[in-house]
Amino acid sequence: MEKIDQEGTNRRKFMGRVIVAISGIVGVSLIVPFLGYVIGPALRRRPLQLDNAGPIAGLVPGHPQDMQTVVELRDGWRSTNLVRTVWVV
């Protein structure tokens, strides 16, 4: 029979609680970097980039006109220029 001390806990319960506490600490220490990896890119602010669509001298107010602009996309070490069409009013 196990010996019970004054507080009513025994060695087996104590070791169980210690194991649960250590498991919790390990779990939290693993989840924090994971959340930073998953959620971090969504929270990162990107600088506002305005592109030149062309001269405004030929535009008529209230009349939509399509203009083309070149956008540079960077993917790792590669840089690609894309031609995009925008509508200017």
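Please treat every number below as a calculation from the coordinates, not as lab data. What you see is a predicted model; the values in this text were computed from it and never measured. Note that each Cβ is placed from the backbone with ideal geometry, even for glycine, and that neighbours are counted across all protein chains shown.
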Helical contribution to [θ] at 222 nm, DSSP H n ≥ 4, -39,500 (n - 2.57), averaged over the chain, rounded to 500: -13500 deg cm²/dmol
With R₀ set to 35 angstrom, the calculated FRET efficiency between the beta-carbons of Gln68 and Leu43, to the nearest 0.05, is 0.60
Chymotrypsin sites (Phe, Trp or Tyr not before Pro) within the chain, DSSP loop, no more than 12 other Cβ atoms inside 10 Å: Trp77
Calculated Cα Rg over 2.2 N^0.38 Å (choose from (i) 2.02; (ii) 1.71; (iii) 2.55), label: (iii)
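May I ask you to list the GluC sites (Glu not before Pro) in the range 2-89 that are in a DSSP loop and have at most 13 other Cβ atoms within 10 Å of their Cβ?
Working: sites: Glu2, Glu7, Glu72; in loops: Glu2, Glu7.
Answer in residue order: Glu2, Glu7.
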If neighbour count is taken as other Cβ atoms inside 10 Å, put Thr85, Thr69 in order from fewest to most. Thr85, Thr69
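Grab the Cα-Cα distance for Val88 and Leu35, subtract it from 0.36 nm times how many residues apart they are, and report the gain in nm with one decimal. Intermediate results must be reported in sequence, preceding the final value.
Values: separation 53, 0.36 × 53 = 19.08 nm, distance 4.05 nm.
My answer for the length gained is 15.0 nm.
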Among Pro47, Pro55, Pro33, which one shows the biggest mean-square fluctuation in a GNM of the chain, springs joining Cα atoms closer than 10 Å? Pro55
